[in-house]
Every structure is written in C-alpha cells, then in structure tokens.
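The values are calculated or read from the model by the stated rules, or taken from the named source; none is laboratory data. On a predicted model such as this, the values are computed, not experimentally measured, just so you know. Ideal geometry is used to build each Cβ from the backbone, glycine not excepted, and the neighbour counts take in all protein chains shown. In case anyone asks, the SASA skips ligands and DNA or RNA and just uses the protein heavy atoms, side chains included. Shrake-Rupley method; radii C 1.70, N 1.55, O 1.52, S 1.80 Å.
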Amino acid sequence: MATRRLFLQGAVGTAALAGTPAIGTTLPANHSYKLLAFIDIAHAQGGPFAAAAHAWGARTVALRGDPLALWHDAVLTSAVQPKAILGLTTQGTLFCLERLGWELGLRVRRRIDHLPAPDGTWRHVAHTDLPAWAPGMLAGAGSDFGLAAASSAFNSSGSAGDCTHAAPPPHPHRNSTPLVTWLLAAPDRA
Amino acid sequence: MPLPPHLSPQLWQEALTRLRAAVGPDALFTADEDVTLYRDAYSPVWGEPEERQASAAVAPNSTDQVQAVVRIAHHFGIPLFPIATGRNLGYGGSAPNLSGSVIVDLKRMNRIIEVDDKRHFAIVEPGVSYFDLYRHIQERGLDVWIDVPDPGWGSVMGNALDHGVGHTWSSYRDHFGSHCGLEVVLPNGEVMRTGMGAMSSAKTSGDFRYGFGPYVDGLFAQAGFGIVTRMGIHLMPRPECFLHRRVLAYRRQDIVPLVEVANKLEDAGLVGMPLYESPMFGAQFADKALRDIATASDVWNGNAIDRYAAEKTMPAWQLGLSFYGPAEVVEASWRHAQAQFAKAIPGAKFETIETLRFPLSPQAEEEALHKVLIGVPNLNIFAIGARSATNPEPADGHLLFSPMVARSGEEVMKAQRLFTEGMREMGTDFPMSYGPFTAPFTWMPRIFALTTGLPVSRSDPKVNQRSRETMRKLIELGARHGYGEYRTPPLFQDQVMGTYDFNDNALRRFCETLKDAVDPKGIIAPGRGGFWPRAMRKEA
Ligand SMILES: Cc1cc2nc3c(=O)[nH]c(=O)nc-3n(C[C@H](O)[C@H](O)[C@H](O)COP(=O)(O)OP(=O)(O)OC[C@H]3O[C@@H](n4cnc5c(N)ncnc54)[C@H](O)[C@@H]3O)c2cc1C
C-alpha cells in the first residue's frame, strides 16, 4: 500500500495542469467539502488525473483494481469523513466503490465511461450533463484524457445527477478495458 | 416501491411507526431512493414486473431489536427478508424472494464477539465481513487464518448461510460446513441457540457443533426459518508455509488419473483446493484452428485435442495444488504428489508457481499471486480480472449455473458434452460457456461444480430474457441427468427445489410441513429455498 501512495506523491505536480481550461473556475462552489480521489494507477491516464485532483485539494489514493483495503484505510478509519470522492478506475472497481459508498450515504452523482476501440481511439459516454467544453476536451485528448476527465468530473457547472445502478454502456471489444470517471457525493434529498 | 402483500396503506403506516420506534428513525428506510439500493444489480428480470423488490428496509443493531422487528412483522403479517451484508451477487443480491418484503439489513450488527487462536474459532454477528475479521486478526497478531470467497466484502455469516465457498483446505472452504453454533431469532420472535450454545453454562459453542439432539442448524441456511444473529466458525491455524505448484497433463483423457490422484491427495489432507484449468480454453479464442477443433462434433474422442497439444506443447489440462504447513512437511508432500502424478500420467510435467512464508510483509501480501488461496480478502475479481472472455461485461453482472458433478474425470467429460450440445440445441450462442475445455471448480469439497456464467444486463432486457430461458433449460437438462444446482437466485429457486424430486418431492414437502408449523404466516423469507407456507403456495 505504501508503494502505491508513494507513486502518487511523485505524480502530483501542477505542471501537468498546463493547458487546462479555467481550472480555477471549475472548483465546486462548495469547496469546503473534503475531497478524496481514488485513481487506478495501472492505467496511463491515472497520473494526470491524480495531479489534477491533488491540485484541487483532494487527497489522492492510488489503487490497482482492488479498492477494499484502501477504502477501509482512507475512508472508514480516517479521522475526516470525505464529503465527496472522485475517481478514475475500471468499471468493476466503481461497481464496488458505489456499493461501499452507499454505506456512507453517498451516491454516484457523475459518471463518464471511457471506451477504448481497437484502433487506439476512445469514446466517452456521460450519464449526466457535462460542461459544454468537456466533450470536445475529452475527444481532443486522445488516449491522454486523464486531465480532461478529472476536469469534467470536477466541474460544478455541469449538473450532478443520480447515476445509482447505472449500466455501463455496451462495449463490444472484449479484450480491452474501459475506464470510468466518477463522482460519489451525497444525493439531493427532497 | 411495492407494499407488503395484503396490507392496507393504513396498516402499513402503523407498522412503519412501530418499526421506527423499535430501531430508531435513522435505521428505517422507506424512501424510494434508499430502498432502491436493495435491488439486485445482477437481476435477470431488472426493470420487469417479475423483479423482486422490497417495500422498505430496517437495520436493527442488536438481537433485541431483531426480536422487536420480528414481533412487529408477525403482528402485521409482513414478510421479512434478512440479509447480512447483502452482497449475494449472482445469487440474488440483497433483493427478497417475495416482492413487498421488508429487508432486515443486519450490517449494523458487526461485532466480532470472540476470536480464539488456541482453539481456532471465531464468533461473529451478521455484519462482520471477511475483511473486518481479517483485519481484526492481523491487528492483534492472532495465529489463525480465515478462508475467503472471491469477493472479500461479503459477510462471514451471510456467505455461510447461502452455502458459500472459499479456496483453501477442504474443512474450511465449505463455509456452512465449518460454522459452529448459531443464535437465531425464530419467526415468533423467540431467541434460540443451537449446539453447545443451547446450554446456558457451556463455554464451548465455538468448539462443538452438535450439542445434543437433532442437528437443526441446516434449517437456517438457504431457508426462512429464522434470522441468525450470531454464528461460530472454525478457523485454520496459520501455516508456516504455502506452496503453489502445478501439474501439466497433455492428453484429454489425462483428466481421469489427474482427478483420481488429486482426490486421494485432498481427501488424505495433503493438499488444499485443487485448481483445475485448461490452457486451451483461452487459447481457442486466439487460434482459429483450436476453436475449430473445439466446435467439431467429433472433438469428444479427444484425438484432435491430443494432436494439437503435442504439436504446440500445450497442456490439455493443468492442475494447481496448494500446500499449507511446516516447510519440510509441505516440501515432502509436494515430492510425494509429484511421484503419484508421474506414475499415473506418463509425460506429466511440474511447475513451481509460488512459495510463501508467513507472516508476509504488507508488500509481499500485495504481490501475492492469488490472494484468496492464502485467505486474504480482496475485490480483485470485480476489477480488471473479472473482464475476461467468459465475463465480458463484469460491471453488468452474471447469473451462475452451478451443477454439481461427481468428482471424476469421466463425469467431467460427460457433463461437458451434455451442456455443450445442450446449449447448441437450445440455439444459444454463448461461445464462452461450455465446451471441451471447461474445467471443474472445486470450491465445494468432494464435489465438482461445472459452473458457467450467463450474462445479465441493466440496460438490455433481451440479454436477460435469453439468459433466463437458457438458465431454466440448463437447470432442467442438468436435473434430467442427475446434476443438481447447489445455489441459485430467487427467480429459479422454486424450479431448482422442484428438481430434487425423489419420492414425489418429499424434501420440499417436508420443508413445507416445517414451514407451516414454525412460520405459517410466512414472516421470515417466504419462498427462500424454493418452498412456501401453505397460504402462499401456488396450489393454495
Ligand atoms: C464475481 C463474483 C465472485 C463470487 N465468488 C464467490 C465465491 O468465491 N464464493 C462464494 O461463496 N460466493 C461467491 N460469489 C457470490 C456472493 O457474492 C458471495 O457469496 C457473498 O459472500 C454473498 O453475499 P453476502 O456475504 O453479503 O451475504 P448476504 O447477501 O448477506 O446473505 C446471503 C443470503 O443468506 C441469507 N442470510 C443472510 N444473513 C442471514 C441471517 N442473518 N439470517 C438468515 N438468513 C440470512 C439470505 O437469504 C441472504 O440472501 C461471487 C459473486 C461474484 C459476483
């Protein structure tokens, strides 16, 4: 576990943020909430995502597929309960984190699936509205979409919805691994 | 969300008021956005009228509160459905057998009452997960191991009560088999303890499971005779060493001696869970020539497979063997095993996969190849590892068809052919399901599960319809040939129970008689296990 965290310390840096559109204005209005980011570092997009999340004040937690022990250490036994958690992981990891999040009253409020094609291109499928600039930014980033994904998930101008139980979009290419960017936060209660 | 059957909205509100008073306002969930979390994410009837959905959920935090909940439900005639951590994915998730049931979510009852590392047992409440128990043991440096299923977030108790399974030694990986003593709230609200727990002065409820008189514990697994609030479980002493070794066999028929030798080693207590695989299973999707062999009608005579194996030096079968114990003992056991396999299987080869000495450093534990073989709970199965040829959409889920097949190579080959040709006749094209390279799972001691997964979808009802139909036909086909299911989601429990048909379904009729006597109103999980109280039976 220590080794995974060390990786992230190395990954954190504002240099990676160069070229991000108006990051300052993308901070959620309610920035006092405590943020955590779970990032699967087995995927190249993880580093830039982590750097962005860290720059926004999130505590970053690196994983390789399995989130169970990290959830326990970073969330359940942590002195500060996070108000929101964002991440870039595989869909299977999100499936687990979504359910673990329910125990703390959190729901998946944003979800963007990233689907790789055999020719190296990626398709991005959002389950809630994204900021107007996000689809173009994601599409333009090619396979290097970590930063664009973090910006899209984090941005407060796109509405957060309820993606509870959302089905992953169909993905015909069985030998490739889709990724997903997500935000877990408390639901809006009537 | 649906209301409990036959209950007026006024009485429902009255019942909710009483439940709220019993458990506190924060432990009763009635809003749709909360109750929806108890839907079965792997439901093969997702979003269809047949989907089983709860009316509400209640989360007691003590046996007293469970008793209060059961008494209220009994008064109003409300069916309850108990879950421990409710992660029974593939077998029903946290959804009930009967729509309108109130889920009794026992996650808040998560006390580890005792772990004894001299007598090797633990006593736990329902909400204790494998991970919780593992951490408890690690943090205290206790000298015991747990046996874990693939998903490490499940409940030690919930898994055992659905006859769940793990991956180590035969006496530990049958989780219900290794439980020892229950505390149960009965349908009338009374508390009972079984085994030595039935004697108030005894201190041996975690040691000796029978006590005196009939052994009734089995009635509380895969059934609705009570809500279990405490359970003992036998644990394995922490071994000094773990060896994982592999036997490679190059002819299709080699499965016969491979199984015979492995059975002997396992039943003599020399090895843990045998791990059968065929490297040709994955290879067939990379090499069309092998796929053609696999799908040819004469593949069953094995000739083409043997030729391919010889040409490519690719084993038709491989068997992983786990050894646990003192270094000199496990090394000697492995030498003995090699001699046995070499004698029985000409040309067999042997491989070293992993050698570990305990305790492991955190880094070594993280790097361990197959964590469940050494009792380390994790969720890797849901991550990238679950996305495979057999499970193309892991995040959407699967139904598991798990027929029990006798532990012999001949039976494996017979069942492979039956299910492969059967699915072909059904016109179901799941290329990843069955074929000549399907290997048996050995989770359950002394029996094979020739398991396959059928896809389910939360977005495409057609996928679900096809899988449901296939599942029903597979259950029927298997039963005709004596291959029964050991576990299944609620949707198929009536059918599976019906296949246990000896003497005009005497087993089901006996369970119904008991249910009528103990729980005539169907308060606890009616329909669980494929039998119902008289008032809810179809013919009633
Ligand atoms: C990818 C994948 C891999 C899996 N691998 C395995 C595996 O290796 N081994 C295995 O066994 N399973 C496996 N499963 C199935 C399942 O996820 C596990 O068995 C899981 O542990 C069951 O969920 P749970 O522990 O939360 O039990 P729960 O869902 O809480 O309980 C299971 C059932 O037991 C009954 N029950 C629970 N608590 C009580 C109680 N207190 N009183 C009375 N009845 C009760 C209920 O009927 C309930 O539905 C797998 C599933 C998936 C999706």
| Pairs, first without any contact (Cβ under 8 Å) to a residue 12 or more places away in the chain in the stretch A:51-75, second open to solvent by 10 Å² or more (accessible area, probe 1.4 Å) and aromatic (Phe, Trp, Tyr), C-beta under 9 Å, six or more apart | A:His72/B:Phe131
| remark: Taking the stretch B:296-324 and keeping residues open to solvent by 10 Å² or more (accessible area, probe 1.4 Å) and part of a strand (DSSP E or B) leaves B:Gln318, B:Tyr324
| message | When the residues of the stretch B:132-154 are narrowed to those that are buried (at least 23 other Cβ atoms within 10 Å of the Cβ) and in contact with a Pro (Cβ under 6 Å, 6 or more places away or on another chain), which ends up farthest from A:Thr93 (Cα to Cα)? | response | B:Val148
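Can you tell me which residues in the stretch B:202-225 are away from the ligand (no atom under 14 Å from the Cβ) and in contact (Cβ under 8 Å) with a residue 60 or more places away in the chain?
Scanning the stretch B:202-225 gives B:Ser205, B:Gly206, B:Asp207.
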| task | Please tell me if B:Ile83 is in contact (Cβ under 8 Å) with a residue 60 or more places away in the chain, more than 13 Å from the ligand (Cβ to nearest atom) and in contact with a helix residue (DSSP H, G or I) (Cβ under 8 Å, 6 or more places away or on another chain). | result | no
| touching an Asp or Glu at 6+ places or on another chain (Cβ under 9 Å), open to solvent by 30 Å² or more (accessible area, probe 1.4 Å) and not in a loop (DSSP other than H, G, I, E, B): does that describe A:Val125? | yes
| query | Has the stretch B:86-104 got at least one residue that is assigned to a strand (DSSP E or B), near the ligand (Cβ under 7 Å from one of its atoms) and not aliphatic (A, V, I, L, M)? | reply | no
| request: Being buried (at least 18 other Cβ atoms within 10 Å of the Cβ) and at pLDDT below 85 narrows it down to one of A:Thr77, A:Thr26, A:Thr90, so name that one. | output: A:Thr26
| task | Please work out if B:Arg173 is surrounded by fewer than 20 Cβ atoms within 10 Å (Cβ to Cβ) and charged (D, E, K, R). | result | no
| query | Picking from B:Leu248, B:Leu290, B:Leu258, which residue would you name as being open to solvent by less than 30 Å² (accessible area, probe 1.4 Å), more than 14 Å from chain A (Cβ to nearest Cβ), assigned to a strand (DSSP E or B) and away from the ligand (no atom under 16 Å from the Cβ)? | reply | B:Leu248
| Considering the stretch A:45-81 alone, what residues qualify as being charged (D, E, K, R) and within 14 Å of another protein chain (Cβ to nearest Cβ)? | A:Arg64, A:Asp66, A:Asp73
| Is there a residue being more than 8 Å from the ligand (Cβ to nearest atom), in contact (Cβ under 8 Å) with a residue 12 or more places away in the chain, over 24 Å from B:Gly189 (Cβ atoms) and not in a loop (DSSP other than H, G, I, E, B) anywhere in the stretch B:136-143? | yes
| query | Quick one: in the stretch B:167-201, which of the residues that are out of contact with any Gly (no Cβ under 8 Å at 6 or more places or on another chain) and part of a loop (DSSP other than H, G, I, E, B) is farthest from the ligand (Cβ to nearest atom)? | reply | B:Ser201
| said: Tell me yes or no: at least one residue of the stretch B:146-158 is under 23 Å from B:Cys241 (Cβ atoms), outside any strand (DSSP E or B) and away from the ligand (no atom under 14 Å from the Cβ). | reply: no
| request: For residues that are more than 15 Å from the chain's Cα centre (by Cα) and of a type in the set (Asp, Glu), tally how many sit in the stretch A:106-153. | output: 2
| message | If B:Glu485 satisfies all but one of (1) at pLDDT below 95; (2) buried (at least 16 other Cβ atoms within 10 Å of the Cβ), what's the number of the condition it fails? | response | (1)
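Give the residues of the stretch A:172-189 that are surrounded by fewer than 21 Cβ atoms within 10 Å (Cβ to Cβ) and more than 7 Å from chain B (Cβ to nearest Cβ), sorted by residue number.
A:Pro172, A:His173, A:Asn175, A:Ser176, A:Ala186, A:Asp188, A:Arg189
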| remark: (1) more than 14 Å from chain A (Cβ to nearest Cβ); (2) more than 15 Å from the ligand (Cβ to nearest atom); (3) open to solvent by less than 40 Å² (accessible area, probe 1.4 Å) all hold for B:Val69 apart from (2)
| remark: Filtering the stretch B:105-128 down to residues that are near the ligand (Cβ under 8 Å from one of its atoms) and touching a helix residue (DSSP H, G or I) at 6+ places or on another chain (Cβ under 7 Å) yields B:Pro126
